1. What pairs can you find where one residue is in the range 77-95 and part of a loop (DSSP other than H, G, I, E, B), the other is at pLDDT below 95 and open to solvent by 100 Å² or more (accessible area, probe 1.4 Å), and their Cβ atoms are less than 8 Å apart, with a gap of 6+ or different chains?
2. With closer than 18 Å to LYS94 by Cα and either open to solvent by 10 Å² or more (accessible area, probe 1.4 Å) or in contact with a Pro (Cβ under 6 Å, 6 or more places away or on another chain) (or both) as the only criterion, which of LYS47, LYS65 stands out?
3. Being within 12 Å of the chain's Cα centre (by Cα) and open to solvent by 100 Å² or more (accessible area, probe 1.4 Å): is that true of GLU7 here?
4. Among the residues of the range 24-44, which ones are surrounded by 14 or more Cβ atoms within 10 Å (Cβ to Cβ) and either among the hydroxyl-bearing types (Ser, Thr, Tyr) or more than 22 Å from LEU74 (Cβ to Cβ) (or both)?
5. If you go through the range 10-23, how many residues are part of a helix (DSSP H, G or I) and open to solvent by 100 Å² or more (accessible area, probe 1.4 Å)?
6. I'm told SER76 meets every condition in (1) over 12 Å from the mean Cα position of the chain (by Cα); (2) surrounded by 16 or more Cβ atoms within 10 Å (Cβ to Cβ) except one. Can you identify the failing condition by its number?
7. Going by the structure shown, is LYS60 open to solvent by 40 Å² or more (accessible area, probe 1.4 Å) and within 9 Å of the chain's Cα centre (by Cα)?
Amino acid sequence: MNQLTEEDLIKIMNSSNKSQLLLYKNLFSQRGVNFIYDDATIEAIAKKAIKLNRGARSIKKIVEKALAVANYELYSSKPYHELIISPETIEDNKQFILR
C-alpha cells in the first residue's frame, strides 16, 4: 500500500461525503451555526495527519480534538451563529472564534 500524500488527504477532506469537516459543517448548520474554515486550515490538518502516519483515519482524530472545546461552547446556553477555525485551532483547540 502506498502512503497517502498531503494532496490525497486534502482531496479526501474536500470531496468525501464522509469528510469530518463536511460532517461537522452539516451538524453545525442544523443548529444554525455557520462553520467556517479555509484552505490553510485543511492544509494544516493534512500536514498533521502526515506526521501521525496513520493515513486518512487520523483526520477524524485531528478534527475532533481541534473542535472539542468549541463543541462544548456551542452547546452551552448562549446562542452562537458562527464558528471560525484556523490552522492555529489545529495546534491549539482553544484558538477559535465563536460568535
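1. Once the first residue is part of a loop (DSSP other than H, G, I, E, B) and sits in the range 77-95, its partners that are at pLDDT below 95 and open to solvent by 100 Å² or more (accessible area, probe 1.4 Å) give TYR80/ARG99; HIS81/ARG99.
2. Selected residue: LYS65, the only one of LYS47, LYS65 that is closer than 18 Å to LYS94 by Cα and either open to solvent by 10 Å² or more (accessible area, probe 1.4 Å) or in contact with a Pro (Cβ under 6 Å, 6 or more places away or on another chain) (or both).
3. Numbers: within 12 Å of the chain's Cα centre (by Cα): no; open to solvent by 100 Å² or more (accessible area, probe 1.4 Å): yes.
Judged against the criteria, GLU7 is not a match.
4. Residues satisfying the conditions are TYR24, TYR37, THR41, GLU43.
5. Step one: list which residues in the range 10-23 are part of a helix (DSSP H, G or I), which gives 10-15, 20-23.
Now drop any that are not open to solvent by 100 Å² or more (accessible area, probe 1.4 Å), which leaves 11.
Result for the range 10-23: 1.
6. Status for SER76: all satisfied but (2).
7. Yes.
The values are calculated or read from the model by the stated rules, or taken from the named source; none is laboratory data. For clarity, every value in this text was computed on a predicted model and none was experimentally measured. Every residue, glycine among them, receives a Cβ derived from its backbone with ideal geometry; neighbour counts consider all protein chains shown. Ligands, DNA and RNA are excluded from the accessible area calculation, which covers all protein heavy atoms including side chains. Shrake-Rupley method; radii C 1.70, N 1.55, O 1.52, S 1.80 Å.
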